[in-house]
Amino acid sequence: MSKYPADISERLDRTNELLQRVLVEVSKTPSTHAIFVDAGYVYAAAGLLVTGTEDRRSFDLDAEGLIEAFIDKARTIFADSRLLRVYWYDGARRRIHTTEQQAIAELPDVKVRLGNLNANNQQKGVDSLIRTDLESLARHRAISDAALIGGDEDLVSAVEAAQGYGARVHLWGIEAGEGRNQAEPLLWEVDSQRTFDLDFCRPYVTRRPVTTYEDDTPAPSREDVRFVGAQIAAAWLAARGRESLADLLPGHPYLPGSVDQDLLVEAERLLQHSLRGHAHLRRALRDGFWQHLQSQY
């Protein structure tokens, strides 16, 4: 009998063995997700929903708090997946970071990507940045799921590119008062859809001018704010008990949106000074809060 069939059989066995090894390795690789935020869409949609205007000059957006809320939501939805990072896409004159964009760029697990602003304050080049990142991460198997927060029809090509490499794309949007604020072709292409309502967005959008506290006095020091954060943590722990602490610790360094908002409000009451717009003080507040909780565990 010819040796040819035996050679083919041996090669098939070797191929099957290699495939089994690959499948085992793939099964051991944790899923990874990333969040892609079109900041222009978020400002316009959230501003209109909460304050009735899309004009950024008319309201303040707590981008840090909102990003943490998105991360917290993703952690719930992609329970068996780890976060790669949050991509925050915005526009700036000559692509030079504003003070606010610099503060966002300093946040952990956040990458700020800037397009240009034209004379009418319209973003240019943001959609192409999103497509480049989505396609590249999907092609290199860096992500298995992408949460895309935007509404422009031009994002359809970005979704198709990522899906072509096997990634699932989930479209997140902000509730529209009337009609839709996301293009239908985009809704048709994605793998799933989710909408954030007024209650979700309200804590992170504040109409200007809102001066709950007089800010003509010097801002508190980081140490003062950290101390207040520890004070609030002690009261929080006394009111809720160690079981609540055990539920909170796995999310470190992020706080659920409701807890973070309560922390901010109480800190401003104790300090008699607004911390909105002071990202470094907000981080010091959370550091003090976490430091006390971890010392008690």
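The values are calculated or read from the model by the stated rules, or taken from the named source; none is laboratory data. What you are looking at is a predicted structure, and each value in this text was computed from that prediction instead of being measured. Positions of Cβ are backbone-derived with ideal geometry, glycine not excepted, and every protein chain shown enters the neighbour counts. For the accessible areas, the whole protein counts, side chains as well, though only heavy atoms, and no ligand, DNA or RNA atoms are used. Shrake-Rupley method; radii C 1.70, N 1.55, O 1.52, S 1.80 Å.
What nm value, rounded to one decimal, do you get for the distance between Ala176 and Ala105 when each label is placed 7 Å out toward the C-beta?
That separation, rounded to one decimal, is 3.3 nm.
Test of understanding: what is the full-extension gain from Arg14 to Asp224, defined as 0.36 nm times their sequence separation minus their Cα-Cα distance?
Value of the extension gain: 69.0 nm.
Hey, rough spin-label estimate for Thr53 and Ala142, points 7 angstrom out along Cα→Cβ, what's it come to in nanometres?
3.8
Once amide H atoms are placed 1.01 Å from N in the peptide plane, what residues at a sequence separation of 5 or more from Arg168, or on another chain, have their amide H within under 5 Å of its amide H?
Asp145, Ala146
Roughly how many Å² of Tyr87 are accessible to a 1.4 Å probe, to the nearest 10?
20
Quick one: which residues, 5 or more positions from Asp60 or on another chain, have an amide H under 5 Å from its amide H? H modelled 1.01 Å from N in the peptide plane, none for Pro or chain starts.
Here the answer is Thr206, Arg207, Arg208, since their amide H atoms fall under 5 Å of that of Asp60.
From the helices alone, meaning DSSP H stretches of at least four residues, give me the mean residue ellipticity at 222 nm for the chain, per-run term -39500 (n - 2.57), in deg cm²/dmol to the nearest 500. If you can, show how the numbers build up before the last one.
Working: 12 runs with 151 residues, N = 297.
When only DSSP H runs of four or more count, the value is -16000 deg cm²/dmol.
Accessible area of Thr99, 1.4 Å probe, to the nearest 10 Å²?
110
With a length cut of 30 Å (Cα positions projected on each helix's long axis) and a Kyte-Doolittle mean of at least -1.0, go through the chain and give me the DSSP H helices that pass. Walk me through the numbers before you get to the answer.
Values: long enough: 4-28 (36 Å, -0.52).
Membrane-span-like by this criterion, though nothing is claimed about a membrane: 4-28.
For the chain, with a Gaussian network of springs between Cα atoms less than 10 Å apart, report the residue from Ala238, Ala92, Ala46 with the top mean-square fluctuation.
Ala238
Name the residue, out of Gly125, Gly65, Gly40, whose mean-square fluctuation peaks in a Gaussian network model built on the chain with Cα pairs under 10 Å.
Highest fluctuation among the options: Gly125.
Mind checking the dipole of the chain: about its Cα centre, +1 per Lys or Arg Cβ, -1 per Asp or Glu Cβ, Debye to the nearest 20?
Its charge dipole is roughly 740 debye.
When the convex hull of the Cα atoms of the chain is projected onto a plane and the area is averaged over all directions, what value comes out in nm²?
Working: hull surface 85.1 nm².
Averaging across all directions leaves 21.3 nm² for the Cα convex hull.
Along the Cα→Cβ direction, 7 angstrom out, place labels at Arg194 and Lys124. What is the inter-label distance in nm?
3.5
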